Every structure is written in structure tokens, then in C-alpha cells.
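Taking it in order: structure first as C-alpha cells, then the write-up.
We did not get these values from a lab; they are worked out from the coordinates using the rules stated. Predicted model, so just to flag it, every value in this text is computed and none were measured. Note that each Cβ is placed from the backbone with ideal geometry, even for glycine, and that neighbours are counted across all protein chains shown.
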Amino acid sequence: MTARPRRTERPRTVIFTDLDGTLLDLRTGSWKPAEPTLRELQARGVPVVLCSAKTRAEILPLREELGIADPFLVENGGALYIPKGYFSFAVPHDREFEDWDVLELGLPYAEIRRRIQTIRRELGIRFSGFGDLSAEEVAGLTGLSREEAERAKAREYDETLLLGGLSPGERDRVLRALERAGLRWTHGGVFYHALGARTDKGKAVRALIDLYRREHGEVFSVGMGDSRNDEPLLRAVDLPVLVQKPDGTWEDLSPSPPRLRRVEGVGPEGWRRAVERLLDQGALEPELEWG
Ligand SMILES: [Mg+2]
């Protein structure tokens, strides 16, 4: 009697998603177009991992509103927050915060601030970061409420810089000095960010995929983003998806990450369409074709 081949279990699907401009509308912050689809994923037990430049203080209330119980990463990959007991094994962590194990991948904020102070002194160029400003000043600059500005200021691994008042030459000198000081910078449209040279969303996503593998065996990872800032995330997953920007274009990531899918739909509308397409095509299996 010949043994029948054993049915292999489906890989565990995990969705990693950017927030601003992807799951959240860039202008209004709304995620309502994606709500039914998000609920469907939750009903099927598909984890949704929020991956943003936002701080823990900003993500926690949002996560509550979205009804998501999965780990998340903060400040462009500065740290991973994993609920205690989420995995069946003890998760190696750097510190604990309330009911969370925290894996720190970024440079501590105080160290980033210290290096920025040195740069300001050495170059003699005046510029400020969120750490130099009051919550009222941040609110005035960003259009956030005072409470939201307070949360945006609660930074742990990434400093937001205001370089708009500098001449192009001064700005370039500051950016080069950040690189020499072992920092990486990104530009999010209005503000610049300074963070540890080896910190990015992709590194944090890979660390989390490893934990999911340890728990579930094979994992099929989907990544959703809208901008260059998401490129490391999109390169870290099996299926990278770009949603459209408000002007209907897709970010140019050339050379494109392998297997990149560009979905029609701006922000949460594109998010909804991409996930529905995956659900329609046999619930998120790696072999699926995206016609
Ligand atoms: Mg974004």
C-alpha cells in the first residue's frame, strides 16, 4: 500500500501595512473605505501589522479604533511592540512596556538628539526638531490638535526635523552631516526625519516574519505601502503592493521590488481593492496569480 501524500497546511498569511496614505487617507486620516475588508481579515484570523513613522502614543489609540490585536512597529522600524502572550514562545525583547514586549531596533531618541545638537553647533546652522518645540508649536505647524501634537512629540527612535527655513545649500550641509554622524534621513513631503543609520521598516518586518515562522511554519507575507519610505517594507515581503497617491499615480520605486503589484485606488480604497482581490482569489495563497 502506497502512502498518500500528506496535505500540507496553508501558509499563514500576514499583512504588513503602512498607515498615512495607505490604510489611512492622506488628507482626512479616514480608513472607512477599508473597514469591511479589515473586518473580513479579522474574521479569518489574518494578522494586520501596522508599520508607520508614527509614535507608539499615536498608534495605540488608532489600533484600538481599528480593533487590531496584532503587533505593530513604530517610528519607521525603530521598535516592534508585541503583545505579551501573542506567540506561544517567549519572545526575546529589549524591554517591557505595560503588556508589551518591545524589540528595539533603532537608535534611542536621546542619542539622535545629542548628535543633532552637535551638528547644529559644528555647522552653526539653526534648525529645530519636534524635541525643541512645545506641543502648541507642533500643533500650529502641522494642523494637529494639541493632544495629537503631544502624541506626535512622544518620539523614541526618530526625530522630526524642520529644515524648510534653510537655504538649499544649508539644508544639504545638514543632511550630509547627519549621514556623517551615523544617522539616516528621510523626507516625508513636509518634514525630514533623522533616525539610526540601520533602522528601516524592512528590518523590523523581517524580524517579525521570523517570529511568525517560528510560530506557524510557512508564512506568506503581504506588504502595502504608498511611498518611497515603504520601499524596505515592500522588499521584505512575498507580495508587495503599492496603492495610488492622491493624484492617481504610483510612487516610482525603480528599480521596482520584485513581484510589485500596483493596485488601482487611492490610499484606503486601493488597500480595500488589493485585499479583496487576494480574498477572491482563494484566500491569500502564495501561488496565486494576480491577473
Ligand atoms: Mg505612507
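At q = 0.23 Å⁻¹, what is the base-10 log of I(q)/I(0) for segment 138-184 according to the Debye formula with one equal point scatterer per Cα and no solvent? Please give it to two decimals.
Relative scattering, expressed as log10 I(q)/I(0), comes to -0.88.
How long are the three semi-axes of the equivalent ellipsoid for segment 99-143, computed from the Cα gyration tensor as the root of 5 times each eigenvalue, in whole Å, largest first? Each step should come with its number before you reach the end.
Working: eigenvalues 117, 77, 8 Å².
Equivalent-ellipsoid dimensions as semi-axes: 24, 20, 6 Å.
What are the ³J(HN,Hα) couplings of segment 38-49, residue after residue, when phi is run through the Karplus curve with 6.51, -1.76, 1.60 and θ = phi - 60°? Round to Hz, x for glycine and proline.
4, 5, 5, 4, 5, 4, 8, x, 8, x, 10, 9
If N is the number of residues in segment 109-196, what value comes out of its Cα radius of gyration divided by 2.2 N^0.38 Å?
1.04
Return a whole-number percent for the relative contact order of segment 109-196, with Cα pairs under 8 Å and 6 or more residues apart as the contact set. Please report the intermediate quantities before stating the final value.
Details: 102 pairs, mean separation 28.8, N = 88.
The value is 33 percent.
How large are Rg and Dmax for the chain when only the alpha carbon atoms are used, in Å?
Radius of gyration, then largest Cα-Cα span, for the chain: 20.0, 82 Å.
Mind sorting Phe127, Phe220, Phe89, Phe72 by how few other Cβ atoms lie within 10 Å of their own Cβ, fewest first?
Working: Phe127 19, Phe220 22, Phe89 8, Phe72 27.
Ranked by crowding around the Cβ, least crowded first: Phe89, Phe127, Phe220, Phe72.
Give the order of Leu161, Leu123, Leu211 when sorted by the count of other beta carbons within 10 angstrom, beginning with the fewest.
The order, fewest Cβ neighbours first, is Leu123, Leu211, Leu161.
For Phe87 and Glu264, what is the calculated FRET efficiency with R₀ set at 35 Å and r taken between the beta-carbons, to the nearest 0.05? Write down the numbers at each step before the final one.
Numbers: r = 36 Å, r/R0 = 1.03.
About 0.45, to the nearest 0.05.
Just the Cα atoms of segment 1-160, one point each, no solvent: what log10 I(q)/I(0) does Debye give at q = 0.11, 0.15, 0.20 Å⁻¹?
Once normalised to I(0) and log-transformed, intensities are -0.56, -0.93, -1.37.
What residue among Ala181, Ala34, Ala43 has the largest mean-square fluctuation in a Gaussian network model of the chain, using Cα springs under 10 Å?
Among Ala181, Ala34, Ala43, the largest mean-square fluctuation in the Gaussian network model of the chain belongs to Ala43.
Between Phe16 and residues 5 or more places away or on another chain, which pairs have amide H atoms under 5 Å apart, with H built 1.01 Å from N, and which residues are they?
It is Val49, Val222, Gly223, Met224, by chain and number.
What does the charge count near Ile125 come to, summing +1 for each Lys or Arg and -1 for each Asp or Glu among other residues with Cβ under 13 Å from its Cβ?
Values: positive: Arg120, Arg121, Arg126, Arg171, Arg173, Arg176; negative: Glu122, Glu170, Asp172.
Every neighbour counted, the sum reads +3.
Springs between alpha-carbon pairs under 10 angstrom, Gaussian network model over the chain: which of Val138, Val48, Val237 fluctuates most?
Val138
Taking neighbour Cβ counts within 10 Å as the exposure measure, how do Lys153, Lys201, Lys32, Lys84 sort from fewest upward? Before the final figure, lay out each step's value.
On the way: Lys153 21, Lys201 28, Lys32 10, Lys84 13.
Ascending Cβ contact count within 10 Å gives the list Lys32, Lys84, Lys153, Lys201.
Explain nothing, just the number: relative contact order of the chain, from Cα pairs under 8 Å at least 6 residues apart, as a whole percent. Write down the numbers at each step before the final one.
Details: 513 pairs, mean separation 63.7, N = 291.
With pairs under 8 Å counted, the relative contact order is 22 percent.
Rounded, prolate or oblate: which fits segment 61-102 when a ≥ b ≥ c are the square roots of the eigenvalues of the alpha-carbon gyration tensor, with rounded for a/c under 1.5 and prolate only if a/b beats b/c?
It comes out oblate by the Cα gyration axes.
Taking amide hydrogens as modeled 1.01 Å from N in the peptide plane, which residues meet the under 5 Å criterion relative to Arg184, leaving out close sequence neighbours?
Leu195, Gly196, Ala197
All other residues with a Cβ under 14 Å from the Cβ of Arg171 taken together, and with Lys, Arg as +1 and Asp, Glu as -1, what is their net charge? Walk me through the numbers before you get to the answer.
Working: positive: Arg120, Arg126, Arg173, Arg176; negative: Glu170, Asp172, Glu179.
In short, +1.
Any chance you could check the Cα centroid distance between segment 30-88 and segment 200-270 for me, in angstrom?
First find each Cα centre; the distance between them is then 15 Å.
Would you mind counting up the charge near Tyr86? Only other residues with Cβ under 15 Å from its Cβ, with Lys and Arg at +1 and Asp and Glu at -1.
Working: positive: Arg12, Arg63, Lys84, Arg213, Arg214; negative: Asp70, Glu96, Glu98, Asp99, Asp101, Asp210, Glu215.
Value of the local net charge: -2.
Students often forget the sequence filter, so: which lysines lie under 16 Å Cα-Cα from Lys153 once same-chain residues fewer than 8 apart are removed?
Those lysines meeting the cut-off are Lys54.
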